[in-house]
1. Would you confirm, using the coordinates I've provided, whether Leu136 is buried (at least 19 other Cβ atoms within 10 Å of the Cβ), within 23 Å of Ser236 (Cβ to Cβ), over 23 Å from the mean Cα position of the chain (by Cα) and of a type outside the set (Gly, Ala, Ser)?
2. Select, from Arg95, Arg182, the only residue that is in a helix (DSSP H, G or I), surrounded by fewer than 21 Cβ atoms within 10 Å (Cβ to Cβ) and in contact with a Cys (Cβ under 9 Å, 6 or more places away or on another chain).
3. Out of everything in region 187-246 that is over 20 Å from Val53 (Cα atoms) and of a type in the set (Asp, Glu), what residue ends up being surrounded by the fewest Cβ atoms within 10 Å (Cβ to Cβ)?
4. For Ala65, which of the numbered conditions (1) within 24 Å of the chain's Cα centre (by Cα); (2) surrounded by 12 or more Cβ atoms within 10 Å (Cβ to Cβ); (3) in a loop (DSSP other than H, G, I, E, B) fails to hold?
5. Which one is farthest from Ile163 (Cα to Cα), of the residues in region 54-68 that are in contact (Cβ under 8 Å) with a residue 12 or more places away in the chain and out of contact with any helix residue (DSSP H, G or I) (no Cβ under 7 Å at 6 or more places or on another chain)?
6. Can you tell me which residue is farthest from Asp133 (Cα to Cα) among those in region 64-95 that are among the aliphatic types (A, V, I, L, M) and in contact with a Gly (Cβ under 8 Å, 6 or more places away or on another chain)?
7. Looking at this structure, is Ala270 crowded, with 16+ Cβ neighbours inside 10 Å, modelled with pLDDT under 95 and closer than 17 Å to Val55 by Cβ?
8. Does Arg78 satisfy the condition of being in a helix (DSSP H, G or I), at pLDDT 90 or above and either under 16 Å from the mean Cα position of the chain (by Cα) or at positive phi (or both)?
Amino acid sequence: MPTLQEIGARLAGGEPLDSPDCEAVVASSDLLGLGALADDCRRRRQGDRVTFVRVQQIPADALDAPEVAVLPAARELRIAGPFPEGRDGVRSVERVVSAAGAIPVTGFALDDLVERNASDASAVADVLAALRDAGLAALAEARADRLSGPQWLAAAGDAGLKIARLTVGEPTAEDGGAALIRRVAGWGGALAHVHAFAPLPRNLPPQPTTGYRDLRQVALARLLVDNVGSIQVDWSLYGPKLAQVALIFGASDVDAVSAEDGGTLGARRAPLAEIERNIRASGLVPVERNGRFENVGT
């Protein structure tokens, strides 16, 4: 089995990981060694730049409110929750898009749309087309552990909708999530429709996760999933400290930074100042983006 040093030398020379390399990476318990490999991989892709986005969440069950108040600092409006049934759901999306103006609106989970339509490809395509026509910039997520395969990613792409992030819904057990990461890596060209892969589970287990396991997941994702541009960590879910450390273990995008202005906390403790400070403390350059993964001025 090759060593991490041998794998690193081949990666530096532009060679992809082969099967023995993948086996060695997954079997390794050398967290620092994996992190160094993943950090080198990230730097070859993105240099010293790390993107982040300030998100304003709008609960799906509040879409019928008389007015949508948009926070000035928001760079993405994200509809949180399942897609409302019927055409009223599409009209609600249109209202949010109208209120958002130039700010991209994302929402809904691809796997949820597939399940609600009983995996009927034609019905799913109709819903995706309706959301695109309503002005949705991208689907907010697709949970890899709930998708039957990459064909649904391709269906979203065919409908003209990108997927902002491929996520993991539930924590995985025995192998620490490596099997799911390898499954995602095997989805090939369908991942061209996905902006980022967030390998840490959205639904936190009853027992707190360990930093070791979380950082190992991030590093494995960057090393094994070479067909997605960014590995992402969620600021609001996992916190500033883990997000900061994840940046030197292969992550290159920070999701869900608050769009609040900090209020009485003062400018130095406002979310924008904090995320930029944390990225710079990792020796990296913060770059703000929007919900379409387009860089914007801060």
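The values are calculated or read from the model by the stated rules, or taken from the named source; none is laboratory data. The structure presented is a predicted model; accordingly, all values stated were derived computationally and were not measured. Every residue, glycine as well, gets a Cβ built from its backbone with ideal geometry; the counts of neighbours run over all protein chains shown.
1. Working: buried (at least 19 other Cβ atoms within 10 Å of the Cβ): yes; within 23 Å of Ser236 (Cβ to Cβ): yes; over 23 Å from the mean Cα position of the chain (by Cα): no; of a type outside the set (Gly, Ala, Ser): yes.
The answer is no for Leu136.
2. Numbers: Arg95 fails: in contact with a Cys (Cβ under 9 Å, 6 or more places away or on another chain).
Matching residue, one of Arg95, Arg182: Arg182.
3. Per the stated criteria, the residue is Asp226.
4. (1)
5. Pass one, region 54-68, residues in contact (Cβ under 8 Å) with a residue 12 or more places away in the chain: 54-61, 63-64, 67-68.
Going one step further and asking which of them are out of contact with any helix residue (DSSP H, G or I) (no Cβ under 7 Å at 6 or more places or on another chain), we end up with 55-57, 59-61, 67.
Numbers: Val55: 16, Gln56: 18, Gln57: 17, Pro59: 19, Ala60: 18, Asp61: 22, Glu67: 27 Å.
Here the answer is Glu67.
6. Val70
7. Numbers: crowded, with 16+ Cβ neighbours inside 10 Å: yes; modelled with pLDDT under 95: yes; closer than 17 Å to Val55 by Cβ: yes.
Yes.
8. Numbers: in a helix (DSSP H, G or I): no; at pLDDT 90 or above: yes; either under 16 Å from the mean Cα position of the chain (by Cα) or at positive phi (or both): yes.
Judged against the criteria, Arg78 is not a match.
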